[in-house]
Ligand code: XIL
């Protein structure tokens, strides 16, 4: 009897939900989601539907998933998420259109001339953004184009096309869906410093040339050490606002060394809270997305062995201190 009560209560989150609280603040409050979990794990899908007004497919809208063979598009996984979102009145953000990672083998291993690669880029963006026109409200058009030293990442796009691949990608996306909000997205440039300055200069150049960019995504894959400081993130948001750009926190997680202690979980909670507060306070931040909401499916333990516990709910969908901290800042 007690055991069944415990099962029934596990994963039960208080009302009003985070989604309702975010709606009252006009905040797009989102999480990365996996189709494989949405379709098989009902506590997972019901938590997405009750707690979020925005979802971001974690891998399903990446190039290797969408165009595994050149010219053959597979929208099945992406469509499943978009349909789930529509059925639950949830908005969708897409990521990324152009990146140096998770590209199909035909693209990575192929040899193309500049003109051929521009045509490949245009076909891909036109097809994908066109397919989701009116259904995906925001796109990360270019992801992680700046290296840690502030130079443009020396990837296939830069090598074969040159720096103007970035301008082109935004133009192609805007042409395919003029109503979608278009973002540049990166990690390690959330606060102030060399990389953040380089991103600032890049997007300032785009604005100056009239390239259709709406904002900058700050990924926010961080630990609980206190870096970047909330003050630096606020300054960065503010200087981007002065350029006429939106900002968004796009992939927040706060990794901890495993096993996490209570004091680390408390520090994690305050890191989540301070970044959410930065977004709510900034004049130009309307979107706050976490890179997963349950430790059950977080990418961190697989990517950084020894680290994890990075999200606001544990493996059984129970609230951690981070959940209560977020809830409090949303006004709950
Ligand atoms: C990650 C996914 O979470 C993993 O499942 C996948 O194996 C690798 O990519 N920056 C990004 C995201 O822009 O797309 C990445 O997502 C995490 C880092």
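The values are calculated or read from the model by the stated rules, or taken from the named source; none is laboratory data. Bear in mind the structure is a predicted one, so any value in this text is a computation, not a measurement. Cβ placement follows ideal geometry from the backbone for every residue including glycine, while neighbour counts extend to all protein chains displayed.
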Problem - Residue that is nearest to the ligand (Cβ to nearest atom), among those in segment 156-166 that are surrounded by fewer than 18 Cβ atoms within 10 Å (Cβ to Cβ) and touching a residue at least 24 places away in the same chain (Cβ under 8 Å) - result: 156
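Conditions tested, residue by residue: (1) outside any helix (DSSP H, G or I); (2) under 22 Å from residue 70 (Cα atoms); (3) away from the ligand (no atom under 16 Å from the Cβ).
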residue	(1), (2), (3)
154	yes, no, yes
185	yes, no, no
191	yes, no, yes
198	no, no, yes
202	no, no, yes
232	no, no, yes
236	no, no, yes
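Residue by residue, here is whether (1) within 16 Å of the ligand (Cβ to nearest atom); (2) at negative phi; (3) surrounded by fewer than 23 Cβ atoms within 10 Å (Cβ to Cβ) holds:
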{"site": "262", "(1), (2), (3)": "no, yes, yes"}
{"site": "267", "(1), (2), (3)": "no, yes, yes"}
{"site": "292", "(1), (2), (3)": "yes, no, no"}
{"site": "296", "(1), (2), (3)": "yes, yes, yes"}
Practice task
Working carefully through the options 77, 51, 69, find the one that is within 30 Å of residue 120 (Cα to Cα) and in contact (Cβ under 8 Å) with a residue 40 or more places away in the chain.
Solution key: 77
Problem - Test: residue 223 is over 24 Å from residue 94 (Cα atoms) and within 16 Å of the ligand (Cβ to nearest atom) - result: yes
Completion exercise
Being touching a helix residue (DSSP H, G or I) at 6+ places or on another chain (Cβ under 6 Å) and surrounded by fewer than 19 Cβ atoms within 10 Å (Cβ to Cβ) narrows 283, 325, 319, 309 down to just 283
Handout entry: Yes/no for residue 117 being within 16 Å of the ligand (Cβ to nearest atom), buried (at least 17 other Cβ atoms within 10 Å of the Cβ) and modelled with pLDDT of 95 or more
Key = no
Handout entry: Where a residue in segment 213-233 is touching a residue at least 12 places away in the same chain (Cβ under 8 Å) and its partner, wherever it lies, is in a loop (DSSP other than H, G, I, E, B) and within 16 Å of the ligand (Cβ to nearest atom), with Cβ under 6 Å and at least six apart
Key = 218/190; 219/187; 220/190; 221/187; 228/190; 233/190
Exercise for the section: For residue 229, indicate whether it is under 25 Å from residue 304 (Cβ atoms) and surrounded by 23 or more Cβ atoms within 10 Å (Cβ to Cβ). Expected result: no
Handout entry: Residue check for residue 134: in a loop (DSSP other than H, G, I, E, B), under 22 Å from the mean Cα position of the chain (by Cα) and over 22 Å from residue 83 (Cα atoms)
Key = no
Handout entry: Yes/no for residue 136 being crowded, with 19+ Cβ neighbours inside 10 Å and within 25 Å of residue 232 (Cα to Cα)
Key = no
Exercise for the section: Could you tell me whether residue 274 is over 17 Å from residue 31 (Cα atoms) and either over 19 Å from the mean Cα position of the chain (by Cα) or in a loop (DSSP other than H, G, I, E, B) (or both)? Expected result: no
Completion exercise
Going through (1) part of a strand (DSSP E or B); (2) more than 17 Å from residue 279 (Cα to Cα) one by one, residue 217 fails only at (2)
